[in-house]
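Read through the structure below, which is laid out as structure tokens, and then see the notes.
The values are calculated or read from the model by the stated rules, or taken from the named source; none is laboratory data. Not measured: the values here are computed from a predicted model. No Cβ is skipped: glycine too gets one built from the backbone with ideal geometry, and neighbour counts run over all protein chains shown.
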Amino acid sequence: MKRIFSALVAALCIALSADAAHTDNDTATDAHIHGHVIDKNTGEHLPHMVVMLKGTTIGVATDNTGHYMIRNVPEGDFIVEVSAIGYKSQSREITIKKGRAYEINFMLEEDHVQIDGVIVSATRSETTRRMSPTLVNVVGMDIYNKTNSTTVAQGLSFQPGVRVENNCQNCGFQQVRINGLDGQYTQILIDSRPIFSALAGVYGIEQLPANMVDRVEVMRGGGSALFGSSAIAGTINIITKEPVRNSAAISHTTTAINGTEAFHNTTDINASIVSEDNKLGLAVFGQNTSKDAWDANGDGFTELSKISGQTAGFRGYIKTGLYSKITAEYHHLEEFRRGGDNLNLPPHEVMIAEQTKHGINTGGLKFDWFSKDQRHRFNAFASIQHINRESYYGAGMDPNAYGMTTDLTWVGGAQYVHKFKKAFFMPADLTAGVEYNEDYLRDNMWGYDRVTDQTVRIVSAYAQNEWKNARWGILVGGRLDKHNLIKGVIFSPRANLRYNPTKDINLRASYSYGFRAPQAFDEDLHIDNVGGTVSMIRLADDLRVEKSQSVSVSADIYHSWGNWQGNVLVEGFYTDLDDVFAMKEIGFENGILIKERHNESGARVFGGNLEGKVAWKDVFQLQLGFTAQNSRYKEARSWSDDVEATRRMFRTPDFHGYMTASYNPVKQLTLALTGTYTGSMLLEHHAGMIEKNETVETPSFFDMGFKAAYDFKVYDSFSLQLNAGVQNMFNSFQNDFDSGADRDSGYIYGPTLPRTFFFGIKLIY
């Protein structure tokens with residue numbers, strides 16, 4: 001495997017060297033493009049706007065005065081394009097001749113509803129949200145700033161159809177649910193690569209710092225045709241920050257949980273540097289976090305685990321020619337977390353302890369090339385992730401509950417895109433690619449005599465053709481996956497239709513097939529304490545592939561009136577699952593409660609998402625989202641002999657929603673009000689503190705937060721921000737936690753935090 005990975009990296013480097021030797025920009029033309037970028041409404045010059053020659057690697061960012069200059073532009077016909085978050089992109093055609101200077105000025109309109117935002121998750125190639133064949137929502141840094149989110153997980157709840165929940169009192173295991181399905185039905189990508197392994201999925205979405213992220217793309221519905229196994233409910237694509245200009249920022253946030261009972265401190269560092277000719281760029285980030293444990297009911301056992309961690313990484317590029325570049329990224333994470341009782345004692349000297357220590361290294365290398373006429377595009381990539389996890393999952397002062405888990409995941413592949421001026425009846429993009437994914441997992445729980453030794457190898461090929469113009473988009477595609485744990489080849493088709501009767505009305509219909517392979521999933525590697533007894537999950541011997549078919553229809557409508565912009569999204573979705581994975585208790589082995597994952601007949605999930613946005617200039621913005629869903633097994637099932645069978649899926653409310661609002665009375669001051677609503681749902685409550693197993697229907701919750709931030713200009717390009725606020729201001733929080741050593745650690749629901757106050761400071765250059 002290492003030889004294969006090394007060979008792929010070497011191939012990328014050879015391609016880089018070859019392209020560098022034939023760069024088109026070595027000869028000076030003494031042709032320059034210069035100008036300014038201003039706001040259409042205010043007339044103010046806009047700094048940090050990206051100005052690019054479309055289809056090339058040539059580009060710069062406007063300076064602090066809103067001006068730019070692109071030097072030594074090669075001769076030929078080009079399209080000059082300017083883009084930035086919060087503004088509609090704009091382009092101009094130009095013919096460059098040697099020794100001449102050209103002035104091109106831009107006047108941009110605000111785009112607070114993101115109709116022209118760039119996304120990649122819909123087709124694995126860059127396109128605008130308006131032209132995308134399927135719905136993709138973008139979680140930008142503005143959401144993370146408004147909600148005081150320091151991790152990737154925290155900001156995801158503010159999207160229609162998406163919920164983030166805490167599933168364990170001891171360790172804080174979180175999962176993301178999309179369209180009424182468990183987190184295991186969601187594929188998580190980093191920069192479009194399926195490098196997020198089963199082991200990383202246990203805690204990883206909470207471990208990733210928000211300051212490494214440029215945006216998060218959320219694609220609801222089946223995505224196996226593009227991204228393979230587990231992309232059934234949806235796909236979360238974490239796009240990391242790319243250097244655009246010289247900048248730096250350092251910030252610190254202190255959070256007081258439930259008054260002064262516990263504190264959470266987070267320090268973030270970001271910096272980027274770009275060479276004067278824009279051929280080299282490097283962005284670096286770091287985060288240090290420390291969170292105290294918190295005991296909600298005073299029984300001596302934690303409801304929120306103790307966490308300390310450090311993350312550091314970078315993303316950089318080298319432009320090897322006018323039409324090619326190589327991108328490299330890497331991040332390292334160290335984290336320690338502990339929950340249970342008596343956290344100052346060794347784990348085997350307490351009644352309950354869940355303790356993990358992670359060391360995670362993730363890196364990637366990508367080479368992009370596209371032709372001068374923009375009709376051909378090729379990229380090759382390799383990504384790798386290595387995890388070491390030391391763990392203790394035990395109860396009753398058990399000396400045998402220590403474990404060690406290692407995981408090595410890597411993926412390599414290549415993709416080609418060809419743009420047809422006309423394919424039969426319409427312009428089209430043909431996308432084809434191959435991937436090889438390998439995951440080696442070894443999980444040792446020596447004292448419990450449990451060893452998981454699993455190697456997963458997947459060879460994949462995919463192809464799709466998208467016919468598109470301003471009014472119509474028709475996409476047909478499919479993916480072949482050969483999984484070493486599954487007999488035969490799995491074919492995952494997709495079909496998408498987009499119709500734009502006007503520029504601002506987007507109507508879409510989608511069909512997709514998806515699957516989940518019967519392998520060790522993230523939750524299998526997390527061992528619960530149930531009633532003071534260790535609980536483990538194993539796979540049934542005859543476990544079959546879980547299959548899905550999904551359809552969705554949507555209307556995405558935009559409108560502008562004067563200085564106001566609005567957007568209404570209405571979406572209906574339906575997913576049919578066959579051979580669905582379900583869990584049941586099958587008894588005790590060596591004092592351990594065994595839960596077995598097996599196949600049941602199937603399930604159906606259907607519902608609708610409604611989202612509305614309205615914005616007035618950059619002064620006021622309001623966003624509301626609501627989901628109504630029905631998640632039911634086709635046949636009633638029982639998770640225990642003590643409870644009645646039910647068709648309802650657990651931990652899936654029929655209704656949930658969110659809201660965000662921001663107001664800028666003056667440019668320097670931002671006031672933000674945000675909240676999430678979670679309706680009633682069913683929950684498993686295991687015996688221990690209670691006499692026997694029960695199925696519980698939870699109450700509903702509304703979690704609302706407020707944040708105020710003020711920016712002070714310190715000197716020239718330096719500014720200082722002070723911010724403060726409160727999360728869960730009404731203290732809408734669970735009040736019936738189990739207590740004592742016999743508690744069910746999975747009996748947790750509702751908002752992750754009680755009423756919590758925070759204060760932050762940020763220095764920006």
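For this structure, a couple of remarks:
- For the range 509-554, filtering for residues that are at pLDDT below 75 and either of a type in the set (Gly, Ala, Ser) or assigned to a strand (DSSP E or B) (or both) leaves 10.
- Scanning the range 321-333 for residues that are touching a strand residue (DSSP E or B) at 6+ places or on another chain (Cβ under 6 Å) and farther than 15 Å from Met212 by Cβ gives Tyr323, Ser324, Lys325, Ile326.
- Residue in the range 470-489 that is buried (at least 20 other Cβ atoms within 10 Å of the Cβ) and under 30 Å from Pro346 (Cα atoms) present: no
- Count of residues meeting criterion [modelled with pLDDT of 90 or more and either part of a loop (DSSP other than H, G, I, E, B) or touching a Pro at 6+ places or on another chain (Cβ under 6 Å) (or both)] in the range 161-188: 1
- The set of residues in the range 91-106 being under 12 Å from Asp77 (Cβ atoms) and not in a strand (DSSP E or B) consists of Lys97 alone.
- For beta carbons closer than 7 Å, sequence separation of 6+ or different chains, a first residue in the range 139-158 that is in a loop (DSSP other than H, G, I, E, B) and a second that is charged (D, E, K, R) and modelled with pLDDT of 90 or more, the qualifying pairs are Asn148/Lys707; Ser157/Arg163.
- In the range 590-623, the residues that are touching a Leu at 6+ places or on another chain (Cβ under 6 Å), surrounded by 19 or more Cβ atoms within 10 Å (Cβ to Cβ) and over 24 Å from Phe515 (Cβ atoms): Glu611
- Some residue of the range 636-649 being surrounded by fewer than 17 Cβ atoms within 10 Å (Cβ to Cβ) and either modelled with pLDDT of 95 or more or within 26 Å of the chain's Cα centre (by Cα) (or both): no
- Selection count, the range 35-70, where residues are of a type in the set (Asp, Glu) and not in a loop (DSSP other than H, G, I, E, B): 1
- Hits in the range 426-466 (condition: of a type in the set (Lys, Arg) and either at positive phi or out of contact with any Asp or Glu (no Cβ under 6 Å at 6 or more places or on another chain) (or both)): Arg450
- Qualifying residue in the range 486-495 (condition: out of contact with any His (no Cβ under 6 Å at 6 or more places or on another chain) and over 23 Å from Ser230 (Cα atoms)): no
- Leading residue by the ranking (surrounded by the fewest Cβ atoms within 10 Å (Cβ to Cβ)) among those in the range 121-159 that are over 19 Å from Leu507 (Cα atoms) and modelled with pLDDT under 85: Glu126
- Test result for Pro653, modelled with pLDDT of 90 or more, touching a strand residue (DSSP E or B) at 6+ places or on another chain (Cβ under 7 Å), part of a loop (DSSP other than H, G, I, E, B) and not hydroxyl-bearing (Ser, Thr, Tyr): yes
- Among residues of the range 678-707, those that are more than 30 Å from Ile586 (Cα to Cα) and touching an Asp or Glu at 6+ places or on another chain (Cβ under 8 Å), counted: 2
- The range 702-756: number of residues that are in a strand (DSSP E or B) and among the β-branched types (Val, Ile, Thr): 3
- Checking each residue in the range 266-279 for being surrounded by 15 or more Cβ atoms within 10 Å (Cβ to Cβ) and out of contact with any helix residue (DSSP H, G or I) (no Cβ under 6 Å at 6 or more places or on another chain) picks out Thr266, Thr267, Ile269, Ala271, Ser272, Ile273, Val274, Asn278, Lys279.
- Residues (among the charged types (D, E, K, R) and under 30 Å from Gly76 (Cα atoms)) located in the range 352-384: Lys366, Asp368, Lys372, Asp373, Arg375, Arg377
- Long-range neighbours under 9 Å by Cβ, at least six apart or interchain, first residue buried (at least 24 other Cβ atoms within 10 Å of the Cβ) within the range 218-233, second acidic (Asp, Glu) and in a loop (DSSP other than H, G, I, E, B): Ala233/Asp182
- Any hit, the range 278-290, residues being touching a His at 6+ places or on another chain (Cβ under 9 Å) and under 16 Å from Ile307 (Cα atoms): yes
- Cβ-Cβ contacts under 6 Å between residues 6 or more apart (or on different chains), taken from a first residue in the range 727-740 that is under 24 Å from Met659 (Cα atoms) to a second residue that is part of a loop (DSSP other than H, G, I, E, B) and hydrophobic (A, V, I, L, M, F, W, C), are listed as Gln727/Leu753; Asn728/Leu753.
- Condition check for Ile79: within 20 Å of Ala28 (Cβ to Cβ), part of a strand (DSSP E or B) and aliphatic (A, V, I, L, M): no
- Residue match in the range 87-104 (condition: free of Cβ contacts under 8 Å to residues at least 60 places away in the same chain and in contact with a Ser or Thr (Cβ under 6 Å, 6 or more places away or on another chain)): yes
- When the test is whether a residue is surrounded by fewer than 17 Cβ atoms within 10 Å (Cβ to Cβ), closer than 17 Å to Leu108 by Cα and not β-branched (Val, Ile, Thr), Asn72 does not pass it.
- Selection within the range 574-589: residues that are farther than 17 Å from Arg632 by Cα and among the acidic types (Asp, Glu). The member of this set that is surrounded by the most Cβ atoms within 10 Å (Cβ to Cβ) is Glu585.
- Enumeration of residues in the range 691-701 that are within 32 Å of the chain's Cα centre (by Cα) and either surrounded by fewer than 14 Cβ atoms within 10 Å (Cβ to Cβ) or part of a loop (DSSP other than H, G, I, E, B) (or both): Glu697, Thr698, Pro699, Ser700
- Annotation: Met681 fulfils all but one of (1) surrounded by fewer than 17 Cβ atoms within 10 Å (Cβ to Cβ); (2) out of contact with any strand residue (DSSP E or B) (no Cβ under 7 Å at 6 or more places or on another chain); (3) within 21 Å of Pro160 (Cα to Cα); the unmet one is (1).
- Candidate set from the range 246-257 (those that are crowded, with 19+ Cβ neighbours inside 10 Å and of a type outside the set (A, V, I, L, M)); member that is farthest from Arg193 (Cα to Cα): Thr255
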